[in-house]
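Only one structure is covered here, and it is reproduced in the block below.
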């Protein structure tokens with residue numbers, strides 16, 4: 001057992017929480033309180049980021065002990081409130097967030113640039129670029145990029161960015177996004193591998209925060225990896241004597257050996273193929289991953305009233321010589337991740353890990369890996385709600401097999417709050433998770449807002465049996481936050497998911513295009529409880 005010095009921080013709200021006063025103007029369920037760890041990186045700890053090169057490292061020093069006294073933690077919630085922003089911020093928050101506006105803000109393209117829609121090397125229609133779409137010369141209206149393609153192809157939607165031609169610069173919009181937007185040094189830096197290592201003279205090689213609750217204090221250290229845990233968080237009645245290995249360093253099936261325990265690898269419940277390039281924690285995890293990659297990732301799903309939602313994930317090093325469909329999917333998906341990050345930064349104050357200095361919000365959105373398990377955010381997806389290509393709400397999700405999924409961040413842009421946009425996105429996320437047979441959705445919440453999540457969104461305090469399973473997985477948590485979960489298993493949802501799955505298999509119920517999917521129905525049984533009109 002080692003005693004860790006509790007860091008002084010300006011602490012923390014839930015990243016999926018909302019205002020405490022339900023009746024105030026900040027009670028909007030789409031208004032999510034942001035958080036900030038206001039502490040610079042420790043002088044004896046450093047972090048090195050390297051693109052796809054885990055062999056490069058910056059050494060970090062040992063942690064300091066306290067003298068038996070845990071420092072008092074100061075906590076405050078930092079929110080971006082409507083009306084609290086200065087004029088310049090209000091201007092930023094009121095701007096439309098689209099892929100085109102992102103490129104305009106970067107100076108990659110400019111408003112009123114001439115564009116053509118090219119099909120089979122022939123110009124079909126003309127237009128000019130605007131922040132929220134393309135002004136079509138045939139109807140003299142500003143329409144979405146997909147709407148511009150519909151005009152050219154009589155309703156057929158395929159790959160609009162690959163067919164829109166920048167007249168003045170003599171290139172297609174898709175390639176311009178890829179080379180000028182996604183290959184910028186600033187953008188590549190956001191995708192880097194976070195490698196954290198102790199210095200050679202360090203006497204303490206372990207983390208300073210519990211893997212389960214992300215807080216400091218009296219921690220038990222794994223003898224094989226840097227992870228540390230509170231005995232109470234692990235459900236220990238007494239401190240184990242001798243060598244102790246954490247749940248990540250033992251076989252999850254038999255509790256002995258290691259992650260690659262031969263007896264379990266050779267058993268029928270084999271976690272994943274030893275030769276597989278992607279390691280999975282179990283068969284269900286591998287199956288869910290395959291289902292997401294094949295049927296959900298990058299698919300633009302149309303809802304009622306012009307809304308769409310999609311699930312994206314940052315993909316590194318797409319081959320520019322790949323086939324057009326793949327390159328279009330990866331380029332637009334990565335661009336949406338970048339726009340989603342600007343939306344998250346607009347909604348939340350920065351969340352900086354007090355131990356490594358890593359920007360947690362940004363690292364989650366960009367699906368960044370690390371050798372330090374607690375800040376390894378590989379596997380996160382970003383769910384996006386849009387209308388007319390404009391970003392409205394975003395959420396971060398990571399799925400851990402069929403047992404549960406975690407959602408540490410969800411929020412709505414200020415200009416759309418009070419319209420139940422968060423409900424709309426959450427309903428689609430829950431519906432998709434049910435189709436994947438995921439049983440529980442887990443979120444962190446500040447204690448003050450637990451009643452809101454329970455009463456308005458159907459969450460409950462996490463059950464002990466689920467918590468026993470949860471500690472075997474790497475999940476994102478914040479100090480003094482409360483874990484809540486929502487069961488996704490019920491008869492109505494299972495029935496709806498089964499019908500939808502059958503429709504997909506039979507080729508009915510969906511109008512599909514490449515990277516585009518139109519839902520034939522919207523299951524009202526999956527909507528969260530309704531709120532008051534002024535909420």
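The values are calculated or read from the model by the stated rules, or taken from the named source; none is laboratory data. Bear in mind the structure is a predicted one, so any value in this text is a computation, not a measurement. Here the Cβ is made from the backbone with ideal geometry for all residues, glycine too, and neighbour counts use every protein chain on show.
In a residue-by-residue description of the range 254-277, the property of being surrounded by fewer than 20 Cβ atoms within 10 Å (Cβ to Cβ), touching a strand residue (DSSP E or B) at 6+ places or on another chain (Cβ under 9 Å), modelled with pLDDT under 90 and not in a helix (DSSP H, G or I) applies to no position. The number of residues in the range 339-375 being under 21 Å from residue 187 (Cβ atoms) and either buried (at least 24 other Cβ atoms within 10 Å of the Cβ) or in contact with a strand residue (DSSP E or B) (Cβ under 8 Å, 6 or more places away or on another chain) (or both) comes to 22. From the list 385, 422, the lone residue that is crowded, with 24+ Cβ neighbours inside 10 Å, touching a residue at least 24 places away in the same chain (Cβ under 8 Å) and either out of contact with any helix residue (DSSP H, G or I) (no Cβ under 8 Å at 6 or more places or on another chain) or part of a helix (DSSP H, G or I) (or both) is 422.
With respect to residue 444, determine if the residue is on the phi < 0 side of the Ramachandran plot, in contact with a helix residue (DSSP H, G or I) (Cβ under 8 Å, 6 or more places away or on another chain) and crowded, with 22+ Cβ neighbours inside 10 Å. When the stated conditions are applied, residue 444 does not pass them. Of all residues in the range 179-228, those satisfying the criterion of being touching a residue at least 40 places away in the same chain (Cβ under 8 Å) and in a strand (DSSP E or B) are 193, 194, 195, 197, 198, 218, 219, 220, 221, 228.
Set side by side, the residues 450, 438 differ, and just one is without any contact (Cβ under 8 Å) to a residue 40 or more places away in the chain, on the phi < 0 side of the Ramachandran plot and either part of a strand (DSSP E or B) or in contact with a strand residue (DSSP E or B) (Cβ under 7 Å, 6 or more places away or on another chain) (or both), which is 450. Of the residues screened, residue 77 is not one that is buried (at least 17 other Cβ atoms within 10 Å of the Cβ), modelled with pLDDT of 95 or more and part of a loop (DSSP other than H, G, I, E, B). Among the candidates 286, 302, the residue that is out of contact with any helix residue (DSSP H, G or I) (no Cβ under 7 Å at 6 or more places or on another chain) and modelled with pLDDT of 90 or more is uniquely 302. Residue-level check: of (1) assigned to a loop (DSSP other than H, G, I, E, B); (2) crowded, with 18+ Cβ neighbours inside 10 Å; (3) touching a strand residue (DSSP E or B) at 6+ places or on another chain (Cβ under 7 Å), residue 151 misses just (1). Of the residues 325, 329, the single one that is at pLDDT below 95, surrounded by fewer than 17 Cβ atoms within 10 Å (Cβ to Cβ) and assigned to a helix (DSSP H, G or I) is 325.
Take the conditions (1) over 22 Å from residue 443 (Cα atoms); (2) assigned to a strand (DSSP E or B); residue 355 misses just one of them, which is (2).
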